[in-house]
Amino acid sequence: MENIINKQETGITVKKTVKQRSVWKDLIFLLVKTASIALAFMLLFTFLFGIARYQDPSMAPAVRDGDLVIFYRHAKNGYLPQDAIALKKDGQMQVRRVVAVAGDTVDITPDGLVINGALQYEPEIYQKTERYEEGVDFPLTVPEGHIFVLGDSREGAADSRIYNSVKAGDTLGKVMTVIRRRSI
């Protein structure tokens, strides 16, 4: 498309050419941008973060059945008590709370959970912590490189009371956020 500009004062006629961008170029540019953003998200959620749908009532009310859990994969060696972690046990993804780390002595008495001789005050836990008939013998000292985990909903939870302490390197990562999918 050409625009003709006349400058009457000087008597000179100037032709100015305006180029139109092709619709196809814009469409290809949009597709490249979309693919780049999708690739960035895919790389982030493959190597740095993990996302999974949680399907177990053992962490209620903190994490409920049906919630989406986003976890950080590279926090495996820095767990602290009260951290919620994601792990795979018996082919099933679980979210559990760290209650003891390497070197801690764990005991479950009629009074409740005892760590290093101190009865634990757990205001967010609404059920009493009890031993299982079958499972771990208490008191237990957590070995180096391991963590002791419990579910927040203590009755009937499959946790370290059954399968012993968990090797920290075998976990999936530290839970960063929970996205509610039910009761929104």
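Of the residues making up the range 73-122, those that are touching a Pro at 6+ places or on another chain (Cβ under 9 Å) and among the charged types (D, E, K, R) are Arg97, Asp104, Asp107. Phe47 meets each of the listed conditions (1) open to solvent by less than 90 Å² (accessible area, probe 1.4 Å); (2) on the phi < 0 side of the Ramachandran plot apart from (1). Of all residues assigned to the range 161-183, at least one qualifies as being small (Gly, Ala, Ser), open to solvent by 80 Å² or more (accessible area, probe 1.4 Å) and closer than 20 Å to Gln55 by Cα. Counting the residues of the range 109-142 that are within 14 Å of Ser165 (Cβ to Cβ) and open to solvent by less than 30 Å² (accessible area, probe 1.4 Å) gives 5. Answer yes or no as to whether Arg53 is in contact with a Pro (Cβ under 8 Å, 6 or more places away or on another chain) and surrounded by 11 or more Cβ atoms within 10 Å (Cβ to Cβ). Judged against the criteria, Arg53 is not a match.
Taking each residue of the range 24-52 that is under 15 Å from Val175 (Cα atoms) and looking for partners that are open to solvent by 100 Å² or more (accessible area, probe 1.4 Å) and among the small types (Gly, Ala, Ser) with beta-carbon atoms closer than 8 Å, six or more apart or interchain, yields nothing. Taken over the range 91-139, the criterion of being without any contact (Cβ under 8 Å) to a residue 40 or more places away in the chain and at positive phi is satisfied by Gly91, Gly112, Asn116, Gly117, Gly135. Here are Asp170, Asp137: which of them is closer than 30 Å to Leu44 by Cα and at pLDDT below 95? Of the residues listed, the single one that is closer than 30 Å to Leu44 by Cα and at pLDDT below 95 is Asp170. Selection of the range 85-96 for residues being under 20 Å from Gly145 (Cβ atoms) and surrounded by fewer than 14 Cβ atoms within 10 Å (Cβ to Cβ) yields only Lys88. May I ask you to list the residues in the range 62-84 that are at negative phi and either touching an Asp or Glu at 6+ places or on another chain (Cβ under 6 Å) or open to solvent by 50 Å² or more (accessible area, probe 1.4 Å) (or both)? Within the range 62-84, Ala62, Arg64, Asp65, Tyr72, Arg73, His74, Lys76, Asn77, Gly78, Leu80, Pro81 qualify.
The values are calculated or read from the model by the stated rules, or taken from the named source; none is laboratory data. All values reported here derive from a predicted model rather than from experimental measurement. Neighbour counts are summed over all protein chains in view; Cβ atoms, including those assigned to glycine, are modelled from backbone coordinates with ideal geometry. These area figures cover heavy atoms from the full protein model, side chains too; ligands, DNA and RNA do not enter into them. Shrake-Rupley method; radii C 1.70, N 1.55, O 1.52, S 1.80 Å.
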